[in-house]
Amino acid sequence: MSSTELPGVRSTAEPSAPAGAVRVADGEQLRTVALPGLELAVRVRPPVRTDLPPALFVHGLGGSSQNWSDLMGRLADTVDGEALDLPGFGWSPPPGDRVYSVTAFARAVIRYLDAAGRGPVHLFGNSLGGAVSTRVAAVRPDLVRSLTLVSPALPELRVQRSAVPTALLAVPGMAALVGRIAQGLTAEQRTRGVTELCYGDPARVTPEGFRNAVEEMERRLALPYFWESLSRSSRGIVDAYTLGGQHGLWRQAQRVLAPTLLVYGGRDQLVSYRMAHKAAAAFRGSRLLCLPEAGHVAMMEYPEVVAAAFRELLQDTEDGRG
């Protein structure tokens, strides 16, 4: 599980520039896609060539499409990248039915891909987005060329102690209680806490990246649905952990046919490093990248390493499709 909006480690090129109230990196665009009962903000990184295969990036709990900006920039010569804000996060409003389950998020991703006609895509997911992407790849293999999962939120029998407070948000009424307890904290204090939880080395975050994250934290805290989306999404992860049979995430991982790259951080405080080899055994023919110094968001801490590993996956997979 991830947490609220995270600061970037470094800029891909020039410092980020605001577009109205929206912050987009140099070379990016942000657009809105309206579907029945659903509105999605999509961050676009135009490719350097028109013949590149499409890719879609899905963020973690409390994050946004901005979490992928650095990696998207580094892969602009390899894929035609888009990153969406899941319903209720980033710049996407809450879903019309107010359902925040892993299945509902997966359905939103599928609906977007079907409407856009971009599939099959190289699908990337972090944390909650990793669970969502696993479900998408299992139920709609026709939409996925390859799967790259960074610290995916897959069921663990022994949850790390540092992940318990995030999981507790799933308890009814707990989000409101946490909100009252944290009311005296400034956006800067909250951002610092999130950074220390999610990064292997918080010192890697640039001052500019931290300031941008504080600004985004202030914006998110002012949203009337902030705690609703966070708590109900946490509950959605916990519910997904309890599902058995063909709907269980580990069973669905075994059904994934797409070439898969798994990325785990040795200092991850939210998804246990020990789950790496279980995941590698579940996803058939997968390859595993372990980064001992990384935390929960390796694509933000070590984007150059993750990008290189993804390129190797493509090079070693026949015509990039499998």
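Using r as the Cβ-Cβ distance of Q254 and W227, and R0 as 30 Å, what FRET efficiency do you calculate, to the nearest 0.05?
0.30
Using heavy-atom solvent-accessible surface (probe 1.4 Å) with all chains present, what is the largest-first order of Y264, Y225?
Final ranking, largest accessible area leading: Y225, Y264.
Below 12 angstrom from the Cβ of V305, what's the summed charge of the other residues (Lys, Arg +1; Asp, Glu -1)?
-3
Using a 1.4 angstrom probe with every protein chain in place, what is the largest-first accessible-area order of R274, R211, R140?
R211, R274, R140
Measuring from centroid to centroid over Cα atoms, what is the spacing of the range 57-91 and the range 207-273 in Å?
Using only Cα atoms to place each centre, the spacing works out to 13 Å.
Where Lys and Arg each count +1 and Asp and Glu each count -1, what net charge lies around G119 among other residues with Cβ under 10 Å from its Cβ?
So the surrounding residues net to +1.
Quick one: if you stick a label point 7 Å off each Cα along the C-beta vector at C290 and T242, how many nm between them?
Output for this residue pair reads 3.3 nm.
If a/c stays under 1.5 just call it rounded; otherwise compare a/b with b/c (prolate if a/b is bigger, oblate if not). Do that for the range 38-112, with a ≥ b ≥ c from the square roots of the Cα gyration tensor eigenvalues.
prolate
Under 16 Å from a point placed 7 Å out from the Cα of E156 along the Cα-to-Cβ direction: which residues of the range 252-272 have their backbone N that close?
Inside the label zone: 263-272.
Quick check: from the Cα gyration tensor, does the range 230-298 come out rounded (a/c under 1.5), prolate or oblate?
Verdict is oblate for the range 230-298.
The values are calculated or read from the model by the stated rules, or taken from the named source; none is laboratory data. Given the structure is predicted, the values throughout are model-derived calculations rather than measurements. Counting neighbours? That spans all protein chains shown, and the Cβs are built from the backbone with ideal geometry, glycine included. Heavy atoms of the whole protein, side chains included, go into the accessibility calculation; ligands, DNA and RNA do not. Shrake-Rupley method; radii C 1.70, N 1.55, O 1.52, S 1.80 Å.
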